[in-house]
Amino acid sequence: MTLLEATDLRRHYKVRAGRGPFGAKATLRAVDGVSLKIEAGRTLGLVGESGCGKSTTGKLVLGLIAATAGTVRYAGNDMPPTGSAAWRALRPRMQMVYQDPLGALDRRLPVGVQIMEPLAIHGQASPAERRERAAEVMTAVGLQRHQFDRYPHELSGGQRQRVVLARALMTEPDLLVCDEPISALDVSIQAQVVNLLLDLQDRLGIAYLFISHDLRVVRQVSHEVAVMYLGRIVEQGEAESLFAQPTHPYTRALVSAIPVLGPRRERLLLQGDPPNPVDVPSGCAFHTRCPFAVATCRAEAPVLQPTADGRQVACHRADEPALQVAA
Ligand SMILES: Nc1ncnc2c1ncn2[C@@H]1O[C@H](COP(=O)(O)OP(=O)(O)OP(=O)(O)O)[C@@H](O)[C@H]1O
Ligand SMILES: [Mg+2]
């Protein structure tokens, strides 16, 4: 069952392009025509370089920020307008987990109080019920009851991320948008939190939108993957096949940069940084960094097209399997 379906989402910002307070205004297309589906109980990984629009997409699908254009359907119905009563009633079903657990928590309050907060906000349950539910979710995420009265700074980074997760689970959500949920954690603790997320999905059937620039982790947790470049999806499809046979040159570059054991199949290095998002290159936005770019790529923007192996790829040269980097 499709839990969430976003169609042609856009979020544009007016930003100052010139210098000084009277500089000219330009449009920054943070998200520029993103369509995606999240199936109930499954994980969609969203990857791409810094600034490509991942967090903005995550906020748009939950209605935490309003879209410039596009629609979101949740469990078969249109997502109510951001901030409306109907939207607020739906909010407990979908929660956001941010990158930095210390920043997401209030330093002055015991973590138990913060875990109970979502039920208090949504006016559900008596104080006794809230406490009981908090104890339940604390156990579910591997926290101990005596940690209820601790303050955030008294816990480790991994424990704090468990607190953030426990709080998100209080309202029994169907969907968690996890925005770089492990990148602030030590490598040794990252694996624990990833395993916890997988375990929670198994037991509770929660769907995840898993945002990360760490492709190894995305590969580990995702059923489907969408690759973003400058506000658009350039490739999406089933995770295993995408990682085994990446098609878009950008995906190929990202995948070839994953540290692996043994010989490399391919080494495709990304040149330079992503272009300025207020001045997106003509045609295919990736052409300035693509080793395979030809005249068409500079002139025409490619649209997502189905590939032979069931993915979708936006590349004029996607059906030329022999494309190789010159040695
Ligand atoms: N409120 C805002 N006003 C203007 N520009 C914004 C705003 N929020 C985001 N942007 C711009 O939109 C683009 C996408 O930002 P976003 O935070 O979605 O990127 P991201 O993919 O999550 O990056 P990162 O991996 O660094 O977290 C960036 O160029 C960013 O500067
Ligand atoms: Mg981000």
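Under the condition of being within 13 Å of ligand 2 (Cβ to nearest atom) and not aliphatic (A, V, I, L, M), which residue from region 43-55 is surrounded by the fewest Cβ atoms within 10 Å (Cβ to Cβ)?
Top of the filtered list is Ser50.
From Ala257, Ala293, Ala299, Ala314, grab the single residue that is aliphatic (A, V, I, L, M) and in contact with a strand residue (DSSP E or B) (Cβ under 7 Å, 6 or more places away or on another chain). Quick ask: steps written out before the conclusion?
Numbers: Ala257 fails: in contact with a strand residue (DSSP E or B) (Cβ under 7 Å, 6 or more places away or on another chain); Ala293 fails: in contact with a strand residue (DSSP E or B) (Cβ under 7 Å, 6 or more places away or on another chain); Ala299 fails: in contact with a strand residue (DSSP E or B) (Cβ under 7 Å, 6 or more places away or on another chain).
The conditions single out Ala314.
What number of residues in region 8-27 are hydrophobic (A, V, I, L, M, F, W, C) and at pLDDT 95 or above?
Selection size over region 8-27: 1.
In this structure, does Arg252 turn out to be within 30 Å of Arg167 (Cβ to Cβ), basic (Lys, Arg) and free of Cβ contacts under 8 Å to residues at least 60 places away in the same chain?
no
Yes or no: Leu196 away from ligand 2 (no atom under 13 Å from the Cβ), within 24 Å of Met1 (Cβ to Cβ), part of a helix (DSSP H, G or I) and not charged (D, E, K, R)?
Judged against the criteria, Leu196 is not a match.
I'd like the full set of residues that are surrounded by 13 or more Cβ atoms within 10 Å (Cβ to Cβ) and either within 16 Å of ligand 2 (Cβ to nearest atom) or part of a strand (DSSP E or B) (or both), limited to region 12-24.
If the condition is that a residue be surrounded by 13 or more Cβ atoms within 10 Å (Cβ to Cβ) and either within 16 Å of ligand 2 (Cβ to nearest atom) or part of a strand (DSSP E or B) (or both), then His12, Tyr13, Val15, Arg16 are the ones that fit.
Which members of region 82-120 meet the condition of being assigned to a loop (DSSP other than H, G, I, E, B), of a type in the set (S, T, N, Q) and buried (at least 16 other Cβ atoms within 10 Å of the Cβ)?
Within region 82-120, the subset assigned to a loop (DSSP other than H, G, I, E, B) is 82-84, 98-100, 105-110.
This time we only want the ones that are of a type in the set (S, T, N, Q), so: 82, 84, 99.
Residue satisfying the conditions is Gln99 alone.
So, in region 164-189, of the ones that are at pLDDT below 90 and surrounded by fewer than 21 Cβ atoms within 10 Å (Cβ to Cβ), which residue ends up farthest from ligand 1 (Cβ to nearest atom)?
Ser188
Only one of Asp279, Asp273 is over 22 Å from the mean Cα position of the chain (by Cα) and either surrounded by fewer than 22 Cβ atoms within 10 Å (Cβ to Cβ) or under 19 Å from Asp319 (Cα atoms) (or both); which?
Answer to the check: Asp279.
Can you pull out every residue in region 54-95 that is of a type in the set (Ser, Thr, Tyr) and within 16 Å of ligand 1 (Cβ to nearest atom)? Full working, then the answer.
Going through region 54-95, the residues of a type in the set (Ser, Thr, Tyr) turn out to be 55-57, 68, 71, 74, 82, 84.
Once the filter is applied, which keeps residues that are of a type in the set (Ser, Thr, Tyr) and within 16 Å of ligand 1 (Cβ to nearest atom), region 54-95 yields Ser55, Thr56, Thr57, Thr68, Thr82.
Spot the failing condition for Gln161; the list is (1) within 20 Å of the chain's Cα centre (by Cα); (2) surrounded by fewer than 24 Cβ atoms within 10 Å (Cβ to Cβ), and only one is missed.
If we test Gln161 against (1) within 20 Å of the chain's Cα centre (by Cα); (2) surrounded by fewer than 24 Cβ atoms within 10 Å (Cβ to Cβ), just (2) comes out false.
Val217 is checked against (1) within 24 Å of Thr2 (Cβ to Cβ); (2) part of a helix (DSSP H, G or I); (3) within 16 Å of ligand 2 (Cβ to nearest atom) and fails just one. What number does that condition carry?
For Val217, the failing item is (1).
Sort out which residues of region 56-81 are part of a loop (DSSP other than H, G, I, E, B) and either within 16 Å of ligand 2 (Cβ to nearest atom) or touching a Pro at 6+ places or on another chain (Cβ under 9 Å) (or both), and write them in order of number.
Here is the first cut: in region 56-81, the ones part of a loop (DSSP other than H, G, I, E, B) are 63-68, 75-76, 79-81.
Within region 56-81, Gly63, Leu64, Ile65, Ala66 meet the criteria.
The values are calculated or read from the model by the stated rules, or taken from the named source; none is laboratory data. Values in this document were obtained by computation on a predicted structure and should not be read as measured data. Quick reminder, even Gly has a Cβ in these numbers, built from the backbone with ideal geometry, and neighbours come from all protein chains shown.
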